[in-house]
Amino acid sequence: GRSRSRSRSGGRDRSRDRDRESRGEVTSEVLSLESSEIAYLLGRNGSTKQKIASFTGARLEIDHRDDRGRIEVIGTAEERELARLIVDITLQQKSNTKLVLDFDKLEARKDVVWLDVPRDACGFVLGAKGATLRGIEAKYRAFMFFDTEYRRGDKRRLYILGNNDARKGALRECESAVSYKMSGNGSLRSWREHNMDGPRYTEDYSRRSGRSKALNHD
């Protein structure tokens with residue numbers, strides 16, 4: 001048999017895929033990439049691959065014995081299309097160059113929302129080395145990134161991609177962070193202690209015990 005990278009939830013994912021395959025919902029496609037790009041998409045212990053799967057619902061399979069640089073993407077048409085988009089953005093971010101995207105087309109997608117973040121709050125939402133933004137991503141399983149090139153007045157646009165619940169939750173929490181920062185109510189640490197509620201995940205997206213104080217969003 002072929003050796004592939006597998007997550008801890010791989011058996012459950014494959015069972016789900018078999019059920020959907022029987023209904024004709026799931027198919028697969030292959031992405032051809034450079035070996036360095038595949039290594040980047042894997043991440044430490046497969047963490048980046050797992051994150052992309054969690055954002056999209058698609059499953060990514062990598063055959064380590066295949067030297068042709070291929071990733072198999074398994075899911076519905078919508079899941080696979082979103083996975084392709086996130087893979088493209090992730091690899092562009094790797095090179096630290098200007099994102100080449102059709103932002104008008106991006107904003108027309110039904111699985112995207114955005115928030116225009118005041119310049120003074122961008123660093124607050126990002127956190128040190130992006131830690132706060134990654135934490136919100138993990139909490140709601142939504143993919144998030146800033147358009148760092150185009151400014152709208154003194155604001156930067158933050159894009160949030162994912163299913164409806166993921167988008168709503170991540171948007172609500174980012175709006176809360178911006179409001180907290182701009183009101184001058186405290187530090188990033190105090191906002192985290194006040195606001196972080198719900199499931200928490202480690203860097204490899206396994207569940208972590210413990211909940212912090214809830215913020216009433218009503």
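The values are calculated or read from the model by the stated rules, or taken from the named source; none is laboratory data. The structure presented is a predicted model; accordingly, all values stated were derived computationally and were not measured. Cβ atoms come from the backbone with ideal geometry, glycine included; neighbour counts cover every protein chain shown. Note: areas computed on protein heavy atoms with side chains; ligands, DNA, RNA excluded. Shrake-Rupley method; radii C 1.70, N 1.55, O 1.52, S 1.80 Å.
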**OP:** Return the subset of LYS51/LYS139; LYS98/LYS181; LYS94/LYS129; LYS155/LYS181 for which the Cα-Cα distance in this structure is over 22 Å, preserving the input order.
**Re:** LYS98/LYS181
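Placing +1 at every Lys and Arg Cβ and -1 at every Asp and Glu Cβ, with all other atoms neutral, what dipole size does region 80-156 have around its Cα centre, in debye to the nearest 20?
Values: 16 positive and 12 negative charges, 51 e Å.
Computed charge dipole of region 80-156: roughly 240 debye.
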Original post:
With every protein chain present, what is the per residue accessible area of region 136-176 (1.4 Å probe, Å²)?
Top reply: 42
**OP:** Give the peptides 110-120, 46-56, 165-175, 88-98 in descending order of average Cβ contacts within 10 Å, highest first.
**Re:** 46-56, 165-175, 110-120, 88-98
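For region 23-117, report the accessible area per residue in Å² (1.4 Å probe, heavy atoms, rounded to an integer). Let's see the in-between values first.
Values: 5080 Å² over 95 residues.
Accessible area per residue, region 23-117: 54 Å².
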Subject >> Label-point separation, SER36 to ARG151 (7 Å along Cα→Cβ), nm >> reply: 3.2
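Would you mind working out the magnitude of the charge dipole of region 34-189 relative to its Cα centre, with +1 at each Lys and Arg C-beta and -1 at each Asp and Glu C-beta, to the nearest 20 Debye? Before the final figure, lay out each step's value.
Values: 29 positive and 24 negative charges, 114 e Å.
Approximately 540 debye in magnitude.
For region 22-124, with all protein chains present and a 1.4 Å probe, just round the carbon and sulfur fraction of the accessible area to a whole percent. Let's see the in-between values first.
Values: 2520 of 5550 Å².
Result for region 22-124: 45 percent of the exposed heavy-atom area is carbon or sulfur.
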